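Asker: Quick one: this structure, given as structure tokens, is what I'll be asking you about.
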Amino acid sequence: MPIAAGFISLDALAELVNIGTLFAFVLASIGVVLVRRTRPDLPRAFRTPPVPLVPTLSVLSCPYLMVNLPIETWLRFLIWTAVGVLLYFVYGYRHSRVSGSRSGTPNIRT
């Protein structure tokens, strides 16, 4: 990361961190609601504030804050996300525990 600091302004880096964090909050909030509805039987390691209200407010307010970021931040975010998804699938295809290796035997590491 110190190398990136020489090429990216602090403002651009802060905006990129903001949009990434807000996007993660949206996904986490949606996940909380989905898991609470689809798997109410799961043990809960912690309690959350009123589940339908707080995640819904988060899903509504985070995109509002994201929309107010500059278009350059959105472009950087989309490119960074595309690169991340590409790397995830390229690495995951070769190192998946579910898929078999080329010889047909499972690629399970212990």
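Asker: Hydropathy first: keep DSSP H helices in the chain averaging at least 0.5 on Kyte-Doolittle, then drop any whose Cα extent along the axis falls short of 30 Å, and list what survives.
Answerer: Details: long enough: 10-38 (41 Å, 1.49); 71-95 (35 Å, 0.82).
Qualifying helices: 10-38, 71-95.
Asker: Using a 10 angstrom cutoff on alpha carbons, build the Gaussian network for the chain and name the most mobile of SER29, SER61, SER96.
Answerer: SER96
Asker: Given the options LEU57, LEU78, LEU42, which has the most mean-square fluctuation in a GNM of the chain, springs set between C-alpha atoms less than 10 angstrom apart?
Answerer: Sorting by GNM fluctuation, first place goes to LEU42.
Asker: What is the chain's relative contact order, in percent, from Cα pairs under 8 angstrom and six or more apart in sequence? Provide the component values of the computation, followed by the final result.
Answerer: On the way: 55 pairs, mean separation 30.0, N = 110.
Relative contact order of the chain: 27 percent.
Asker: Provide, as a two-decimal number, the C-alpha radius of gyration of the chain over 2.2 N^0.38 Å, N being how many residues it has.
Answerer: Numbers: Rg = 19.0 Å, N = 110, 2.2 N^0.38 = 13.1 Å.
The value comes to 1.45.
All of the numbers you see were taken from the coordinates with simple rules; none came from a lab. The model shown is predicted, which means the values in this text are computed figures rather than measured ones.
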